[in-house]
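These notes concern the structure reproduced below.
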Amino acid sequence: MSNDVFFLAEFADGKPARSALELAAGAAGLAGAAGGAAVGLAYGSGARDGAAGLGAAGAARAVVIGDGDAPVITFAAAAAAAVQGDPPLALLAPATPNGRDLAAALVGLLGVPAFGPVRAVSLADGRVRAEMATLQGSVITVSEPADDAPRPAVVLSLAGTFTPIEGGSGTASVSDAPAADAGAFGKAKVVETHPAEAAVVNLEEAQVIVAGGRGVGSEDGFRPLHELAGVLGGAVGASRAAADAGWIPYQLQIGQTGKVVKPALYIGVGISGAIQHRVGMQTAENVVAINKDPDAPIGEFADLFVVGDLFQVVPRLTEEIKRRKGQS
Amino acid sequence: MKIVVCIKQVPATTAEKRYGADLRLDRASAESVINPLDEYAVEQALRLQESGAAESVAYLSMGPESAGEALRRALAMGGDEAYLVTDGALAGADEWATARVLAAALDRLAPDVALMGMASDDARGSLVPGAVAAIRGLPLLSYGAELTLGDGAARIRRLSAAGFDIIEAPLPVVASVTDQVGEPRYASLKGIMAAKRKPMETWSLADIGLSADDVHGAALTRMVEARPPEAKAPTERVENVSADEAAAKIADWLAARKLI
């Protein structure tokens, strides 16, 4: 039986998503411990051209399961065919809508165990051990495949669970997935595409996030947040309240029904910290909150909680950081 | 046109949760509610029924007998009938087993649209809609910010990297919707009274043509440990200072962690 570890590698315009680089590193670590190889299942626009580049990220091989802008779910049958011949130990999937769609299809098509989203994954006696924060983080659970469960173990991984390999070299050997009929999943078609008026960053790739909530009050109110994010080299995010109000695009919503992020620094501004938002950012390495309400729930889990008026504090913080950077 | 909304009963977000000696959640110890994200699926289905795009709306749940309460609550919001799959052999079911059971029940109900919420509050894998579609051999339309029906097809509006796409598939489909479809309605008193008279059927595994072996003893996964989360360092608080002082304190804090 194969000791390989597969991972889903999403591409856009021939470039791997950060999730692909993170999962490549995770798969390489697990495969190394098991005596196998990391293998990327590449999909998305330009996947065929970019797949060899997964070698530098830790993959020995790459299998192209679909190239182009079709809904990702249409690549599910090819993914299943790529996995089926000699099933790997595990398959890591990003816990994004696209990653979950493919993972779910594999669970249904192959009848294999699913785990996650995990906060850590390891191997014990040749078996995957997945560690998860369950029930809104109120309990940590560890699960493994049942005896006789078929392979692979499908493991959903949140952004930031693994750290991409820096300065790697080498190319992955690239092949196409065995031919497979896309079946019913192939019937989903994109019939209209509506691009945004302005570019929207991928929050999952940001190392610093300044997030605004109801307290920001308006689209204009986000201006000082953009300025602070600018001096910190970061991105602006939001709570659901701010996205629902139309102050910011839904792509920038952090939380249970938005993005789950794990930046080095998260600064929450005018965000109360309801559980639905918290589950989207609670694994950030450093959490700073600025809120005028001394009893805001975010004050209970932030690392640094500043009670104050965001419109007074945020611009001064931006100036202070500029001043200190200018001196150094 | 028939819609079946799949509903999960979950412990309330605010409820104290305990795990039993078998590492299973002691569901009796916690107040239970309809999974909040499933309420958006209910709302979407009822809007489609009200607009005439769908003739009937039914609900399906898998869970202990008490999950019938969640189905009654959904019926109080609207809709016509409900089905509960409950069986001792399903205790501790994982996502694969849940999908297998829902798929078998949906095969019997044969809806044009099997509709679900985008995630459950307690597990958050979001894998059940896609796995059900795979098992039933149907197209999947997931993460819809809106679902529309017409001309023998279903369409969703789905966020893309920057804007949004409209994705279409021929019926029947499995679909999931997000919390952007519109706020779920409250059940009225009249609705609650009416719900008591709406039909609810209870099915065992055998009733939907499955055995305990078919669902691999309810799970392909096994929990080996449940423990409380690590204690977090206490929060540093800065209050009753001027905005200048607050800004300086934050900058000091960031500098001490080499974040600036």
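The values are calculated or read from the model by the stated rules, or taken from the named source; none is laboratory data. Note that the coordinates shown come from a computational prediction; the quantities given were computed from them, not determined experimentally. Cβ sites come from the backbone with ideal geometry, for glycine too, and all protein chains shown count toward neighbours.
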Looking at (1) facing another protein chain (nearest Cβ under 8 Å); (2) touching a Leu at 6+ places or on another chain (Cβ under 9 Å); (3) modelled with pLDDT of 95 or more; (4) buried (at least 23 other Cβ atoms within 10 Å of the Cβ), can you tell me which one residue A:109 breaks?
-> (2)
Reported set for the stretch A:134-153 where residues are more than 7 Å from chain B (Cβ to nearest Cβ) and of a type in the set (A, V, I, L, M, F, W, C) is A:153
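Using the structure shown, decide if residue A:60 is under 27 Å from residue A:280 (Cα atoms) and small (Gly, Ala, Ser). So that I can check it myself, show each step before the final result.
Numbers: under 27 Å from residue A:280 (Cα atoms): no; small (Gly, Ala, Ser): yes.
Considered against the rule, which asks whether it is under 27 Å from residue A:280 (Cα atoms) and small (Gly, Ala, Ser), residue A:60 comes out as no.
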Hey, could you check the stretch B:13-34 for residues that are in contact with a helix residue (DSSP H, G or I) (Cβ under 9 Å, 6 or more places away or on another chain) and closer than 18 Å to residue B:72 by Cβ and say which is modelled with the lowest pLDDT?
-> B:32
Report yes if some residue within the stretch A:292-302 is buried (at least 19 other Cβ atoms within 10 Å of the Cβ), more than 22 Å from the chain's Cα centre (by Cα), at the interface with chain B (Cβ under 7 Å from one of its Cβ atoms) and farther than 15 Å from residue A:210 by Cα; otherwise report no.
-> yes
If the Cβ limit is 8 Å and pairs must be 6+ apart or interchain, which residue in the stretch A:174-194 that is at the interface with chain B (Cβ under 7 Å from one of its Cβ atoms) pairs with which residue that is among the basic types (Lys, Arg)?
-> A:191/B:155
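Based on this model, can you work out whether residue A:121 counts as of a type outside the set (Asp, Glu), within 9 Å of chain B (Cβ to nearest Cβ) and touching a Gly at 6+ places or on another chain (Cβ under 8 Å)? Walk me through how you get there before you give the answer.
Numbers: of a type outside the set (Asp, Glu): yes; within 9 Å of chain B (Cβ to nearest Cβ): no; touching a Gly at 6+ places or on another chain (Cβ under 8 Å): yes.
No; evaluated as a whole, the condition is false for this residue.
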Among the helices (runs of 4 or more DSSP H) confined wholly to the stretch A:18-88, which include 1 or more residues that are in contact with an Asp or Glu (Cβ under 8 Å, 6 or more places away or on another chain) and among the basic types (Lys, Arg)?
-> A:18-34, A:47-50
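Report whether or not residue A:99 is of a type outside the set (A, V, I, L, M, F, W, C) and out of contact with any strand residue (DSSP E or B) (no Cβ under 9 Å at 6 or more places or on another chain).
Details: of a type outside the set (A, V, I, L, M, F, W, C): yes; out of contact with any strand residue (DSSP E or B) (no Cβ under 9 Å at 6 or more places or on another chain): no.
Judged against the criteria, residue A:99 is not a match.
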Of (1) assigned to a helix (DSSP H, G or I); (2) under 22 Å from residue A:230 (Cβ atoms); (3) more than 9 Å from chain B (Cβ to nearest Cβ), residue A:312 fails just (3)
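Do we find a residue being under 18 Å from the mean Cα position of the chain (by Cα), modelled with pLDDT under 95, more than 10 Å from chain B (Cβ to nearest Cβ) and farther than 26 Å from residue B:182 by Cα anywhere in the stretch A:318-327? Let's see the steps before the verdict.
So the first thing to find is which residues in the stretch A:318-327 are under 18 Å from the mean Cα position of the chain (by Cα), and the list is none.
No, because not a single residue in the stretch A:318-327 is under 18 Å from the mean Cα position of the chain (by Cα), modelled with pLDDT under 95, more than 10 Å from chain B (Cβ to nearest Cβ) and farther than 26 Å from residue B:182 by Cα.
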Scan (1) at the interface with another protein chain (Cβ under 7 Å from one of its Cβ atoms); (2) part of a strand (DSSP E or B); (3) without any contact (Cβ under 8 Å) to a residue 24 or more places away in the chain for the single condition residue B:169 breaks and write down its number.
-> (3)
The one condition residue A:156 fails out of (1) of a type in the set (A, V, I, L, M, F, W, C); (2) more than 14 Å from every other protein chain (Cβ to nearest Cβ); (3) surrounded by 21 or more Cβ atoms within 10 Å (Cβ to Cβ) is (2)
Name, by its number, the condition in (1) modelled with pLDDT under 95; (2) more than 8 Å from chain B (Cβ to nearest Cβ); (3) within 30 Å of residue A:243 (Cα to Cα); (4) surrounded by fewer than 21 Cβ atoms within 10 Å (Cβ to Cβ) that does not hold for residue A:220.
-> (1)
Got a sec? Which of B:232, B:249, B:196 is within 29 Å of residue B:43 (Cα to Cα), more than 22 Å from the chain's Cα centre (by Cα) and either surrounded by fewer than 20 Cβ atoms within 10 Å (Cβ to Cβ) or within 11 Å of chain A (Cβ to nearest Cβ) (or both)?
-> B:196
